[in-house]
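Colleague: Sending over a structure as structure tokens; questions will come in a sec.
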Amino acid sequence: MQRPVFVANWKMHFGPADARTYMETFARRWRARDDRTLIFCPPAISMTAAVEAVKGRDDLIIGAQNIWTEDRGAFTGETSAVMVKEAGARFVLVGHSERRHVFGETDEQTAKKCAAAVRNGLTPLLCVGELLDQREAGATKEVVLRQFNTGLSELSSESILAMAVAYEPVWAIGTGKTATAADASQVHAWMREALRSRVGAAAAEIPILYGGSVSAQNAASLLAADGVNGVLVGGASLDVDGWISICGT
Ligand code: PEP
């Protein structure tokens, strides 16, 4: 039995002062538990404040929302894995749907970003998911596995064992619509099978999270779905009390 993983993606919310207040409040109200993993992804500018706010609380992991593919150089406006690692991040989202569909990130870039994360000692969480028209055209499996296999293409089996993945149907992100538990289980099973072909039986140990309008109301049923090892949550993670309630599911 895997311990469930709860990832808060704050997106473009909370500057340094608000990030510090949120994390101090959360740390005060949440007693460390060894039966789950909690990760918070603030905007890059707020990472240091978030890290400082929970110094000494190893149970509260800070992650980045994005990194660039290279470690340093002439990439104006970007942040590298080296930098977020130095700031205290241990984890990074790669290929979030907003990176893919708002900023035009390609599958090949997600592969390079996963490699940059691993090279610098960060755990990548590779996010994949289909658009509504792709689902309606019956292309979910093809899209998800293409994003998935390309995203992992630069990683060794050993590195794959240290990562996490998330299925986030694009039509469910920030829309209030969620996949059914059965739909999530189906896609997770395809991903588990793809992982098995890379790393064998150890694939069972790799967390596969679900994301897309997870809330305090639906978290329990999604977490109970076959093959779902955790949740990646945007909007519902912005309220400390609401997030505490989801993390306690
Ligand atoms: C996300 O940001 O990954 C996400 C799933 O957002 P929301 O929970 O708001 O749908």
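No lab work stands behind these numbers, since they all come straight from the coordinates. Not measured: the values here are computed from a predicted model. With ideal geometry, Cβ positions are generated from the backbone for all residues, glycine too; neighbour counts draw on all protein chains shown.
Colleague: Taking amide H positions as placed 1.01 Å from N in the peptide plane, with prolines and chain starts having none, which residues 5 or more places from G230, or on another chain, fall under 5 Å of its amide H?
Modeller: Result for G230 returns V5, Y210.
Colleague: Relative contact order for segment 67-198: what is it in percent, counting Cα pairs under 8 Å that are at least 6 residues apart?
Modeller: Values: 175 pairs, mean separation 30.7, N = 132.
Relative contact order, segment 67-198: 23 percent.
Colleague: Can you give the net charge of the other residues whose Cβ lies under 14 Å from the Cβ of S156, counting K and R as +1 and D and E as -1?
Modeller: Details: positive: R119, R198; negative: E154, E158.
Net charge around S156: 0.
Colleague: I'd like to know how the chain sits against the 2.2 N^0.38 Å rule of thumb: what's its Cα Rg over that expected value? Could you put the intermediate results ahead of the total?
Modeller: Details: Rg = 16.8 Å, N = 249, 2.2 N^0.38 = 17.9 Å.
For the chain, the normalised Cα radius of gyration comes out at 0.94.
Colleague: About the Cα centre of the chain, what is the dipole size in debye to 20, counting +1 per Lys and Arg Cβ and -1 per Asp and Glu Cβ, all else neutral? All intermediate terms of the calculation are to be shown ahead of the outcome.
Modeller: Details: 25 positive and 28 negative charges, 86 e Å.
The calculation lands at about 420 debye.
Colleague: Mind checking the dipole of segment 73-156: about its Cα centre, +1 per Lys or Arg Cβ, -1 per Asp or Glu Cβ, Debye to the nearest 20?
Modeller: That gives a dipole near 320 debye.
Colleague: Output the pairs from K85/K112; K113/K141; K141/K177; K85/K141 with a Cα-Cα distance over 27 Å in this structure; if there are none, say none. Walk me through the numbers before you get to the answer.
Modeller: Numbers: K85/K112 17 Å; K113/K141 23 Å; K141/K177 20 Å; K85/K141 34 Å.
Table pairs above 27 Å Cα-Cα are K85/K141.
Colleague: Return the long-range amide H neighbours of F40 (sequence gap of 5 or more, or a different chain), with a cut-off of under 5 Å between placed amide H atoms.
Modeller: For F40, whose amide H was placed from the backbone, the distant partners under 5 Å are A8, I61, I62, G63.
Colleague: What helices in the chain pass both tests, a Cα length along the helix axis of 15 Å or more and a mean Kyte hydropathy of -1.0 or higher, using whole DSSP H runs?
Modeller: Values: long enough: 16-29 (20 Å, -1.05); 107-119 (18 Å, -0.74); 140-151 (16 Å, -0.48); 181-199 (26 Å, -0.35).
Helices meeting the criterion: 107-119, 140-151, 181-199.
Colleague: While we're looking at this one, here's another question. Just to check I understand the Karplus step: with θ = phi - 60° and J = 6.51 cos²θ - 1.76 cosθ + 1.60, what whole-Hz values come out for segment 65-74, glycine and proline as x?
Modeller: So the Karplus estimates, Gly and Pro as x, are 8, 5, 9, 8, 6, 9, 7, 6, x, 7 Hz.
Colleague: Within segment 135-222, which trypsin sites (Lys or Arg not before Pro) sit in a loop by DSSP and count at most 12 neighbouring Cβ atoms inside 10 Å? Don't jump to the answer; show the numbers that get you there.
Modeller: Values: sites: R135, K141, R146, K177, R192, R196, R198; in loops: K177.
Passing sites in segment 135-222 are K177.
Colleague: Moving on to the next point. For a footprinting-style exposure proxy, rank H188, H96, H13, H101 by other Cβ within 10 Å, fewest first. Display every interim value, and only then the final one.
Modeller: On the way: H188 22, H96 28, H13 16, H101 13.
Final ranking by Cβ density, sparse to dense: H101, H13, H188, H96.
Colleague: Taking neighbour counts of Cβ atoms within 10 Å as a proxy for exposure, in what order, fewest first, do S156, S215, S97 appear? Could the numbers behind the result be given before it?
Modeller: Details: S156 13, S215 16, S97 24.
Fewest-to-most ranking of S156, S215, S97: S156, S215, S97.
Colleague: Let me ask you something else. Taking segment 77-166, which chymotrypsin sites (Phe, Trp or Tyr not before Pro) meet the DSSP loop condition and have no more than 13 other C-beta atoms within 10 Å? Kindly include the intermediate steps, with their values, before the conclusion.
Modeller: Details: sites: F91, F103, F148; in loops: F103.
When the chymotrypsin sites (Phe, Trp or Tyr not before Pro) of segment 77-166 are filtered for loop state and at most 13 Cβ neighbours within 10 Å, F103 remain.
Colleague: Taking loop as defined by DSSP and a crowding limit of 14 other beta carbons within 10 Å, which chymotrypsin sites (Phe, Trp or Tyr not before Pro) in segment 1-84 fit? Spell out each step's value before the answer.
Modeller: Numbers: sites: F6, W10, F14, Y22, F26, W30, F40, W68, F75; in loops: W10, F14, W30, W68, F75.
For chymotrypsin sites (Phe, Trp or Tyr not before Pro) across segment 1-84 that sit outside H, G, I, E and B with at most 14 neighbouring Cβ atoms in 10 Å, the list reads F75.
Colleague: When the Karplus curve 6.51 cos²θ - 1.76 cosθ + 1.60 is applied with θ = phi - 60°, which whole-Hz ³J(HN,Hα) does each residue of segment 226-231 get, with x for Gly and Pro?
Modeller: Once rounded to whole Hz, the list reads 3, x, 9, 10, x, 9.
Colleague: If you don't mind, there's one more thing I want to ask. Sequence-distant or interchain residues sharing an amide H contact under 5 Å with S80, placed H: which?
Modeller: For S80, the qualifying residues are W68.
Colleague: Take I206, I244 and order them by how many other Cβ atoms sit within 10 Å, fewest up front. Please report the intermediate quantities before stating the final value.
Modeller: Working: I206 20, I244 15.
Lowest to highest Cβ neighbour count: I244, I206.
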